[in-house]
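Structure, as structure tokens:
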Amino acid sequence: MMDGIFLQQMVNGLTLGSVYGLIAIGYTMVYGIIGMINFAHGDVYMISAYLAAIGLAVLSFFGIQSFPFLILGTLIFTIVVTGVYGFVIERVAYKPLRNSTRLAPLISAIGISLILQNYAQIAQGSRQQGVPTLLEGAWRFDVGSGFVQITYTKIFILVAAFVGMAALTYIIKYTKLGRMCRATQQDRKMASILGINTDRVISYVFIIGAAMAALAGVLITLNYGTFDFYAGFIIGIKAFTAAVLGGIGSLPGAMLGGLILGVAESQFSGLVNADYKDVFSFGLLVVILIFRPQGLLGRPLVAKV
Amino acid sequence: MDIKKSLIDSVMAGLMALIVFGPIVGVVLDGYSFNLQPTRVAWLVLAVMVGRLLMSLFLQTPRGLIISQSFESSGSGVHVLPPNHKSMLRFVLPAIIVLAILFPFVANKYILTVVILGLIYVLLGLGLNIVVGLAGLLDLGYVAFYAIGAYGLALGYQYLGLGFWSALPLAAIAAALAGCILGFPVLRMHGDYLAIVTLGFGEIIRLVLNNWLSFTGGPNGVPVPSPTIFGLEFGRRAKDGGIPIHEYFGFAYNPDLKYIFIYAVLFLVVLAVLYIKHRLTRMPVGRAWEALREDEIACRSMGLNHVLVKLSAFTLGASTAGLAGVFFASYQGFVNPTSFTFFESALILAIVVLGGMGSTVGVVIAAFVLTVAPELLRSFAEYRVLLFGVLMVLMMIWRPRGLIRISRTGVVPRKGVLNTEGAAQ
């Protein structure tokens, strides 16, 4: 039975991990560019899950039934609207605090997180929401004494997540926008002296982070089908763990950290105890921050005086 | 006055509001289909546009320009009073004590419970004030120490037969130990990492309490004994073969007596903690905390042992939370994990932040405001969390250091130390 569980959880873990990686990208990019942990990012993901469900409901109401159009429409809708959310949040709550004390943006972020949660709860109700299964069918093969089942949805998620991450890596490496982001991350004052509008770049980073979270929101909603207004909290902390594990500030680190965390958590859940899997993830976060705060791919933190 | 610019700003804001609020507020999911709510969206967009227009016009007036300039620089942390300043508290404090003694005789049970809850949050706020306000260590898992205090009493009664009085110091010590244990790993972390790790700890404690059914009773919780005084119980009939207090003293049974007792002890404990904190702030320990908050590297280069400073802040804060937990447990009669979520931590943080980082008076006022206000605004209960969030964001934008800043009396140098007659030295 071990073989079957191990492989099955490997598949689950990779799927989950790729989604963690997408959300972790938002954390890591914002931290890299303004040194702040966007506590509200998990709740932006939650908003995108609601938007995905709304998009699906509206599109199917208008009679679109085929899977590619449905998915494409929902993706575009969710990514655009979530991007606007990211932009608005940054403008309203973080930009005025850029010159303030160290704790101020963090507390403001907590406030935004509470606002988003209650806003979704008031606007949409406290019960769990669901979406119908869009893609039926799975791939099943026997291995050893058990069997492994890979649903088509999971394959789609893996492919979509990797396409998203590949697109982002391309943007960061080869386009002008990416160069501006990297320059602002390295040295903000110098970048602005050289003519880069750093305020705008920071807004772009928030939008990109929110867009990646939106992609994750659509994919997770497809896979698990249900969510509620509280879904952002736990997954936000886990995605942050993934970002830290890979090295905060490093984009490939976020993706790698996400995959590793996803696999580790799924294996723990399958082989040890499913009730305590959240405790395991939090414990992993604490251990990493104690023993290797720079993560796998990050540089050691140097405090300049 | 560039009215055209303001109008354009307003329209852009309205457009954004439409995109932001349109889907989530306007299209309410109902199973797999949806219902439309266009009027709610229209109101919200209108409010945003009008608000943005007003704000944009205001910021162009001379007064508005001054205000927007003040955003560019951050203010100083401490407000210095003239040397001979006598605090108003000389008059206020005795008045409050007299009021507090008279209070239980005139109040009914409902007001009594609200005041007890307020005092508990004052205690929590004071503890977190030491950690966040004075030492600058953002602790988001503070509710874990609160839970240790509360569960300490409950489980102590269940497994070890502890009563209220024996659990009080023990819970404080247990919470302090937990504070020490938590403090060690986070020594090297700064700001944001510290916040997330402490958040993780808080969640771990809550999840363990929730899932460890055999030991902690899981989501069902654990009952808590009533407090006793010298072995006399407060119920109508005594359990465990004790004597109810009203029989011992010979007066009629009063169901409020238990709460009056809790209130009295709680008030005395709060006074004690206030006094201790007041003294500590003026001792080297307190100054070391404030130095740590302002600039840790400068603090270390001055020779302060940052390990001891951080650990002392954590330990003292945690023990205060443990005390508050014991009171909360006896007040409520049972404990379960739902009282110790992250939202509680955020609430206590809001008390400290709103009241003023490090300011004792501010924390007391904020604790009462944040406890009494939800009771008064019962009709708005749905929007409670939303209002908290908005309040936190607004406070950070308007006054990052809190409503009441810490003030310190200035010191005049002794004659003979400085030549104050103006001759150059």
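Just so you know, all these numbers are worked out from the coordinates, no wet-lab data involved. Just so it is clear, the model here is predicted, and its values are computed rather than measured. Heads up, the Cβs are rebuilt from the backbone with ideal geometry, glycines too, and the neighbour counts pull from every protein chain shown.
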Skipping prolines and chain starts, which residues have an amide H placed within reach, meaning under 5 Å, of the one on A:Gln149, given they are 5 or more residues away or on another chain? none
Distance from region A:213-259 to region B:163-205 (C-alpha centre basis), Å: 27 Å
May I ask you to evaluate 6.51 cos²θ - 1.76 cosθ + 1.60, the Karplus curve with θ = phi - 60°, for each residue of region B:388-399 and list the ³J(HN,Hα) values in order in whole Hz, giving x for glycine and proline? 4, x, 4, 4, 5, 5, 4, 4, 5, 6, 7, 9
A:Ile290 versus A:Met10, label points 7 Å from Cα toward the beta carbon: distance in nm? 3.1 nm
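Average partner chain C-beta neighbours within 10 Å, per residue of B:21-28? Please report the intermediate quantities before stating the final value.
Numbers: counts 2, 2, 10, 12, 5, 2, 10, 4.
The per-residue average across the peptide is 6.
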About the Cα centre, charge dipole magnitude for chain A (Lys/Arg +1, Asp/Glu -1 at Cβ), debye: 1220 debye
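Mind giving me the FRET efficiency for B:Asn211 and B:Ile66? R0 is 56 Å, r the Cβ-Cβ distance, nearest 0.05 is fine. Could you put the intermediate results ahead of the total?
Details: r = 55 Å, r/R0 = 0.99.
Computed FRET efficiency for B:Asn211 and B:Ile66: 0.50.
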Please report, ordered by residue number, every helix of chain A (full DSSP H runs) that is 18 Å or longer along its axis going by C-alpha atoms and whose mean Kyte-Doolittle hydropathy reaches 1.6. A:67-89, A:231-246, A:277-291
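Based on other C-beta atoms within 10 Å, arrange B:Thr315, A:Thr15, B:Thr113 from fewest to most. List each step's numbers first, then the result.
Working: B:Thr315 23, A:Thr15 26, B:Thr113 18.
In order of increasing Cβ crowding within 10 Å: B:Thr113, B:Thr315, A:Thr15.
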Where does each of B:Thr228, A:Thr28 land when they are ranked from fewest to most other beta-carbon atoms within 10 angstrom? B:Thr228, A:Thr28
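Please work out whether region B:348-395 counts as rounded, prolate or oblate from its C-alpha gyration tensor, where a ≥ b ≥ c are the square roots of the eigenvalues and a/c under 1.5 means rounded, while otherwise a/b larger than b/c means prolate and anything else oblate? Each step should come with its number before you reach the end.
Details: a/c = 3.41, a/b = 1.56, b/c = 2.18.
Oblate, since a/c reaches 1.5 and b/c is not below a/b.
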Tell me whether region A:2-291 comes out rounded, prolate or oblate; compute the Cα gyration tensor, take square roots of the eigenvalues as a ≥ b ≥ c, and use a/c under 1.5 as the rounded threshold. prolate
Peptide A:119-125: average number of partner chain Cβ atoms within 10 Å per residue? 6
So how do A:Glu136, B:Glu375 line up by other beta-carbon neighbours within 10 Å, fewest first? A:Glu136, B:Glu375
Give, rounded to the nearest 20 debye, the magnitude of the charge dipole that the protein assembly as shown has about its Cα centre when Lys and Arg contribute +1 at Cβ and Asp and Glu contribute -1 at Cβ. 2000 debye
Farthest toward the dipole's positive end in chain A, which of A:Gly21, A:Ile208, A:Leu158, given Cβ charges of +1 (Lys, Arg) and -1 (Asp, Glu) about the Cα centre? A:Ile208
Residues with amide H under 5 Å of B:Trp212's amide H, sequence separation 5 or more or different chain, H placed in the peptide plane at 1.01 Å from N; which? B:Gly218
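Provide the percentage of antiparallel DSSP beta bridges, counting only those with both residues in the protein assembly as shown; round to the nearest 5. Working shown, then result.
Numbers: 15 of 21 bridges.
Around 70 percent of the beta bridges assigned by DSSP in the protein assembly as shown are antiparallel ones.
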Shielding of B:6-17 by other chains, given as the mean Cβ count within 10 Å, works out to 1
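Quick one: of A:Lys95/B:Lys4; A:Lys95/B:Lys277; B:Lys258/B:Lys310; A:Lys95/A:Lys238, which pairs are farther than 30 Å apart, Cα to Cα? Don't skip to the end; give the middle numbers.
Numbers: A:Lys95/B:Lys4 24 Å; A:Lys95/B:Lys277 35 Å; B:Lys258/B:Lys310 38 Å; A:Lys95/A:Lys238 26 Å.
Too far apart for the 30 Å limit: A:Lys95/B:Lys277; B:Lys258/B:Lys310.
Based on the mean of other beta carbon atoms within 10 Å per residue, what is the order of B:132-142, B:101-111, B:256-266, most packed first? List each step's numbers first, then the result.
Details: B:132-142: 27.0, B:101-111: 11.5, B:256-266: 18.9.
Descending packing order for the listed peptides: B:132-142, B:256-266, B:101-111.
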Expected unfolding gain across A:Ala166-A:Ala138 under the 0.36 nm per residue rule, minus the alpha-carbon gap, is 7.5 nm
Quick check: pseudo-label points 7 Å beyond the Cα along Cα→Cβ at B:Ala264 and A:Phe147, how many nm apart are they? 7.2 nm
